[in-house]
Amino acid sequence: MFIQSSPESADYGGCVRVVTWNVWWRFGEWEPRQEAILRTLRDLAPDIVCLQEVWSAEDGEDQVSNFASQLGMFHARTPERWWNGYSFGNAIMSKYQITDTESIQLPPTEGPGTRWALSATLDRGDIHVPVICTHLDHRFDQSQRRQKQVQAIFDLVAANHTLEGHPVVLAGDFNSTPNSDEIRMITGEAPTPVPGLAMTDAWPQCNDSPGWTWDKANPYLTAAAWPQRRLDYVFISWPRSTPLGNISSAFLAGIEPVNGVTPSDHWAVVVDLVEFGSGDI
């Protein structure tokens with residue numbers, strides 16, 4: 001399911017900016033946080049946004065539709081499953097037209113807390129960009145469950161990955177640290193679910209710092225049980241024809257309060273991808 005709003009004109013040259021951000025549903029001081037999230041996204045001027053913990057209301061209010069309208073972007077979201085009058089899911093917003101979407105439930109598929117992977121094909125005019133947004137289970141002891149979810153996501157990556165086309169962009173809140181088995185499965189440091197297919201973790205390509213996105217410096221995490229962890233990622237599929245899809249820069253955003261309001265309990269991850277040329281794999 002996707003809904004389109006009128007996009008602003010986009011610059012297709014140079015780099016494409018991808019933002020992934022867990023925007024913390026309707027938790028905390030959720031009403032003033034909406035404007036803080038929107039202001040932060042507007043300042044970042046992204047081309048592609050992957051959001052987790054988005055909400056809509058049974059009365060018709062829709063967080064993502066509002067953001068997309070304000071930012072002049074197309075958008076897609078996971079199916080709405082209601083809990084106390086509100087939905088909880090993932091969304092993709094794009095300055096490029098969305099031509100196709102698919103939502104898959106991640107294992108286990110029973111129960112109200114089912115996690116999803118949302119894929120969308122973005123039409124830039126010169127090339128189609130496959131994007132997948134996801135959010136894995138969060139408990140510290142659920143690595144085995146997250147590994148099964150990564151296996152399901154890799155089937156979706158494989159279905160959208162071609163050497164001739166744009167590499168797949170996979171982004172979201174994986175609730176896992178870089179040394180976990182599930183993240184190592186994605187990057188090829190452990191056997192990947194699909195032989196011959198792996199993904200580049202954008203953050204260490206441009207940074208020596210740990211890149212914590214679940215950070216005790218965030219005022220919402222003063223009592224967090226286990227802060228100082230990098231949980232949010234942008235991955236790019238490999239093999240690919242470089243430098244297309246190489247990482248030009250990666251940094252954190254949403255750190256500065258907006259009118260005294262910190263936008264979310266997660267920092268956002270911002271990645272600029274090289275979008276020209278072809279060469280070695």
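Hey, could you check the range 109-129 for residues that are closer than 22 Å to K148 by Cβ and under 18 Å from the mean Cα position of the chain (by Cα) and say which is surrounded by the fewest Cβ atoms within 10 Å (Cβ to Cβ)? Walk me through how you get there before you give the answer.
In the first step, residues of the range 109-129 are kept if they are closer than 22 Å to K148 by Cβ; the result is 109-119.
Applying the additional criterion that residues be under 18 Å from the mean Cα position of the chain (by Cα) yields 114-119.
Working: T114: 15, R115: 27, W116: 22, A117: 25, L118: 28, S119: 23.
Result: T114.
Condition first: buried (at least 21 other Cβ atoms within 10 Å of the Cβ) and either assigned to a helix (DSSP H, G or I) or of a type in the set (S, T, N, Q) (or both). Now tell me which residues in the range 157-176 satisfy that.
Step one: list which residues in the range 157-176 are buried (at least 21 other Cβ atoms within 10 Å of the Cβ), which gives 157, 160-161, 166-176.
Result: V157, N160, N175, S176.
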Note on the range 228-244: residues under 18 Å from L170 (Cβ atoms), at pLDDT 95 or above, not aliphatic (A, V, I, L, M) and not in a strand (DSSP E or B) are R230, P239, R240
Would you point out the residue of the range 250-281, among those that are without any contact (Cβ under 8 Å) to a residue 60 or more places away in the chain and part of a strand (DSSP E or B), that is surrounded by the fewest Cβ atoms within 10 Å (Cβ to Cβ)? F251
Do any residues in the range 228-241 that are on the phi > 0 side of the Ramachandran plot have Cβ atoms under 8 Å from those of residues that are of a type in the set (A, V, I, L, M, F, W, C) and part of a loop (DSSP other than H, G, I, E, B), where the two are at least six apart or on different chains, and which pairs are they? Q228/W212
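Taking E80, is it acidic (D, E), in a helix (DSSP H, G or I) and surrounded by fewer than 17 Cβ atoms within 10 Å (Cβ to Cβ)? Before the answer, list the steps.
Working: acidic (D, E): yes; in a helix (DSSP H, G or I): no; surrounded by fewer than 17 Cβ atoms within 10 Å (Cβ to Cβ): yes.
When the stated conditions are applied, E80 does not pass them.
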For the range 83-128, how many residues are assigned to a loop (DSSP other than H, G, I, E, B), within 19 Å of R26 (Cβ to Cβ) and in contact (Cβ under 8 Å) with a residue 60 or more places away in the chain? 1
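The values are calculated or read from the model by the stated rules, or taken from the named source; none is laboratory data. Note that the structure is predicted; figures quoted are calculated from it, not measured. Neighbour counts run over all protein chains shown; Cβ positions are idealised from the backbone, glycine included.
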